[in-house]
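Novice: There's a structure below that I have some questions on.
Derivation of every value follows stated rules applied to the coordinates shown; laboratory data play no part. Everything numeric in this text was worked out from a predicted model, so none of it was measured. Ideal geometry is used to build each Cβ from the backbone, glycine not excepted, and the neighbour counts take in all protein chains shown.
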C-alpha cells in the first residue's frame, strides 16, 4: 500500500511539474552587448585621480518572457445538406441561409414569435414614430389594394377600404385611403473589402429583387409604391394605398455590394461565381474556400463593424456536408464536429441524443417549431365525392367527439418522447397572441366522446362495434344512407414513419368510439396535388393528415371561406387554394378579416386574431395533433448556441457563438 501511494504521489508530482513547465513561458540566456560609462580612481605619480571612460562589454542576460498566443477557436459545423448557392436571391434552402448568416449581417432576427433589430438601429413602428399612416386621395387608374388584398387599378365597382375604415364600392369619385410608410436606418456597416455599406446598396438590392429575372416572390414588391434612400444609411418604404402589411417593419432590403456586382445583370447574378460561390458580404466572416461536395470554410472578417467589441469570437468556421445522419452523429461523438444542425438530425434520433445527454457526451436541443401536424375533416367534399358517402363530419359534435376520442398526449410521448406539446388550434400556447381565456382545449375523454356521438344519433344498432349513420339525427342528413357503418378512410403520405405512427394510434383510438378507420398512404406527389386531381386539395377525402406552418402572424387565412379550394366560377377560392376542408364560418371570417386588415400593435389586430382562435377551437374544422420538433446537437464547450421556434436557422447568431475549454 505504501509503495502504491508513493507511486501515485510521484505520478501527480511529475504531472504537475510537466503542466507547470508547459504553462510557463520559456526563456533562453542570450549574449547582449552593453555600453556604459564607468568612473574609477587610479594612481598617477602617487596621486589618486578620477578617470571616466566608456566601456563596451558583452554580458549574458535572460530574454524577456514572451506569452504564448491564445489558442485559435475553429468551429466545425456538420450539416446534412450542401447549399446550392450563397446568393441572397438565388436559393431558398435552409443550408444556404445558415452560411449566409456568417457572410452577411443579419438586419433583424425573428426570435420567439417576435422580431428584433440587429444590423438596423431599430424596427419602425407606429408607436415609436418610425412608421406612419398617411391619408392620401386616390382616383380612377391609381394602383391600390382592394378589400380582398389584391392589387388593382382603381376602377368602378372595386371595393376598397377608406381611411375611416369603411368598405365602399368605387364609383369614380376620388376617395381617401390609408398609405403606410416606414423608415429604416442601418448601423454603420462595412463590406469585407473595407468599403462602407450605404443605403444605395439596399435600394439596388430592392431593384434586383424586383426584376423579373430574379426568381423570388413579388408579393411585397408588387404592393410597394416606392423604396428610396433618404440618407447615407437610411431608406424609406412606402406601400401602395390600402396595403396594410402586418410585417411592414421588415420591409428593408438586405444590402448587396453594388460596387462589386453592379456590372452584372439580375440574370447574371443568379449564376456568377462572385455572387453565388464567393460573395463579399458585411457579416462577421468572409468566405475563403468552398470545396464542392465537402465543405465551406470562412474566417474572421477584419472589417466587421463590431470587431471593436471582440466579435466574432471564433477565428474560423468550417461547414462540413454530411448527408448520412448516422455518420454525422458519429463525427459529433468523436469530436470531428462541434455542432450538428437540424437539417442533418431529426426526431427519429431522439433516443440516441437523450442517452448521449445523460452520459455527458452531447447537448441535444429539442425545440417546438412552427410546423404542426393535424388531421383535416372532409367537412364539405366537392363534386361527386360529396354524393359517395354520408355527411359524417358536418355536425360539429362529431368533430368534437373525435377530438376527445384521440389520445394526442400518447402520440407526443410515444412518437416524440414527450419533447413537444399538444396543440389546440393553429397557434401554440407560447404564442403571444394565444388567447388568455375563451379557448376550448378539448381533453382526452373517451366516455364524453361516446356520449356526444350518442347525442348526434350515430349509434351501434346491430352490436358489431361500429356506429351507423341515421339521417333523422344527422345535420342535413340523407335517409338513403341510413344504417351505413361509420367507416372512413384516413390518408397521409407514404414512407413517413412519424405520420404512420400517428395514424396507427388514431385508428386504435377511433375504434374505442365505434368508428372504423381504413388507412391509405399515397405518394406525396399524388396526395398534395392541386385540385381537382389531388384528393386532399380536390376535396375528395374523408380524413387527411399533414402539416401547416404557424408563425408570428397567426395563419387564420388558411381557414377562411374565401380560401376554400374549388372552381372560381363556382364562387370558390380556385384550385390550388388552401382551405381543403370546405369549412365555412361567418363569425370566424369576420374576426380573421379584421385581424388581417389591421396593423400589429392595434387592438383590432390582437382581438381579431384571438377571437378567430376561440371560434376555431370550438368548431374544430381540423383535429390538431402536435407541434413538430426542431432537433440539433452540440458538443460540450459550445457557448451561445441554441434553437428557436421561429428563427429558421440555429446559426443566425454565429457572430457570438464561442468555444470554451
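Novice: For a quick size check, give me the Cα extents of the chain along its three principal axes, largest first, whole Å.
Specialist: 147, 85, 44
Novice: Hey, could you get me the Stokes-Einstein D for region 514-635, Kirkwood radius over alpha-carbon pairs, 10 °C and 1.306 mPa s, rounded to whole µm² s⁻¹?
Specialist: 98 µm²/s
Novice: With an 8 Å cut-off on Cα pairs and a minimum separation of 6 or more residues, tell me the relative contact order of region 331-415 in percent.
Specialist: Contact order relative to length: 14 percent.
Novice: Now, a different point. Let me know the shape class of region 423-527, please: from the alpha-carbon gyration tensor, a ≥ b ≥ c as square roots of the eigenvalues, rounded when a/c is under 1.5, otherwise prolate if a/b is greater than b/c, or oblate.
Specialist: Here region 423-527 falls in the oblate category.
Novice: Would you mind listing how long region 222-297 runs along its three principal axes, going by Cα atoms, in whole Å with the largest first?
Specialist: Principal extents (Cα only, largest first): 49, 27, 25 Å.
Novice: Viscosity 1.306 mPa s, temperature 10 °C: Stokes-Einstein D of region 488-578 from its Kirkwood Cα radius, in µm² per second?
Specialist: It diffuses with D of about 110 µm²/s by this estimate.
Novice: So, one more: Return, for the Cα atoms of region 370-628, the radius of gyration and Dmax in Å, separated by a comma.
Specialist: Expressed in Å, the Cα Rg and Dmax of region 370-628 come to 17.8, 57.
Novice: Is region 597-653 rounded, prolate or oblate when judged by the Cα gyration tensor, a ≥ b ≥ c being the square roots of its eigenvalues, rounded requiring a/c under 1.5 and prolate requiring a/b larger than b/c?
Specialist: The shape class here is oblate.
Novice: Classify region 113-266 as rounded, prolate or oblate, taking a ≥ b ≥ c as the square roots of the eigenvalues of its Cα gyration tensor: rounded when a/c is under 1.5, otherwise prolate if a/b is larger than b/c and oblate if not.
Specialist: prolate
Novice: Next question. Relative contact order of the chain: what whole-number percent is it, with Cα pairs under 8 angstrom and at least 6 residues apart?
Specialist: Reported relative contact order: 16 percent.
Novice: Ranked highest first by average number of other Cβ atoms within 10 Å, how do 338-349, 224-235 line up?
Specialist: 338-349, 224-235
Novice: Right, here's the next one. Going by alpha carbons, how many degrees (0 to 90, nearest 10) lie between the helix axis of 94-103 and the longest principal axis of the chain?
Specialist: Relative to the chain, helix 94-103 is tipped by roughly 30 degrees.
Novice: If each DSSP helix of 4+ residues adds -39,500 (n - 2.57) and the sum is divided by the residues in the chain, what number results at 222 nm, nearest 500 deg cm²/dmol?
Specialist: -6500 deg cm²/dmol
Novice: Still on this structure, I have one more. Size of region 343-418 along its principal axes in angstrom, Cα-based, largest extent first?
Specialist: 59, 26, 19
Novice: So what's region 312-463 giving for Rg/Rh, alpha carbon basis, Kirkwood Rh from the mean inverse pair distance?
Specialist: Reported Rg/Rh, Kirkwood definition of Rh: 1.13.
Novice: What per residue convex hull volume, in Å³, comes out for region 64-134 when only alpha-carbon positions are used?
Specialist: It is 226 Å³ per residue.
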